[in-house]
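The values are calculated or read from the model by the stated rules, or taken from the named source; none is laboratory data. Worth saying up front: this structure is predicted, and the values here are computed from it rather than measured. As a convention, Cβ positions derive from the backbone with ideal geometry for all residues, glycine included, and neighbour counts pool all protein chains shown.
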Amino acid sequence: MQNDYESALRRDGKLIFVPGGDSMWPTLKHEGQSVVVLPKKDKLRLYDVPLYKRADGQYVLHRVVGFAAGGYVVCGDSQFGEEYVAEGQIVGVLDGFFKGKKYVSADDRKSRRAALFLRKHRFIKRVAVKLHFLFGRRKR
């Protein structure tokens, strides 16, 4: 059964969970790394990370990389395909994540700069992602 993040967010005012998958690598590493998601209050900014619900019911955390009528263009940090997300699909917004015991705010300049760097230098991103998926997964 899939989590109902929307109900939990309304009830508790925040969500804390361990995301699955590698789509937000290197920002988020799903093994043992918790994220904190808060309700969306304002329009999203470039490089914010919304939690949204796809039509199939899957919840996804991806980064805003552009804007479109009535919504946003999002992409995972380790992905190249972009996706349109309507305003109504957004459940909440990443407030930050735990890197070990240290809490890293989603507004952290270093994190945002790294995302911008990967976005602008797609060749470097492509090489880093390939190396991660070739060699990084062997450790698991």
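Observations on the model:
Residues are listed down the side, and each one gets a yes or a no for (1) surrounded by 15 or more Cβ atoms within 10 Å (Cβ to Cβ); (2) of a type in the set (S, T, N, Q); (3) closer than 18 Å to GLN89 by Cα; (4) at pLDDT 90 or above:
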site: MET1; (1), (2), (3), (4): no, no, no, no
site: LEU9; (1), (2), (3), (4): yes, no, yes, yes
site: ASP22; (1), (2), (3), (4): yes, no, no, no
site: TRP25; (1), (2), (3), (4): yes, no, no, no
site: GLN33; (1), (2), (3), (4): yes, yes, no, no
site: PRO50; (1), (2), (3), (4): yes, no, yes, yes
site: GLY57; (1), (2), (3), (4): no, no, yes, yes
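- Residue match in segment 43-62 (condition: in contact (Cβ under 8 Å) with a residue 60 or more places away in the chain and of a type outside the set (S, T, N, Q)): yes
- The residues in segment 90-119 that are more than 15 Å from LEU38 (Cα to Cα) and either modelled with pLDDT of 95 or more or among the charged types (D, E, K, R) (or both) can be counted, and the count is 9.
- Test set (1) in a strand (DSSP E or B); (2) within 13 Å of the chain's Cα centre (by Cα) - ASP77 fails condition number: (1)
- One residue stands out among those in segment 104-120 that are without any contact (Cβ under 8 Å) to a residue 12 or more places away in the chain and not basic (Lys, Arg): the one that is surrounded by the most Cβ atoms within 10 Å (Cβ to Cβ), which is VAL104.
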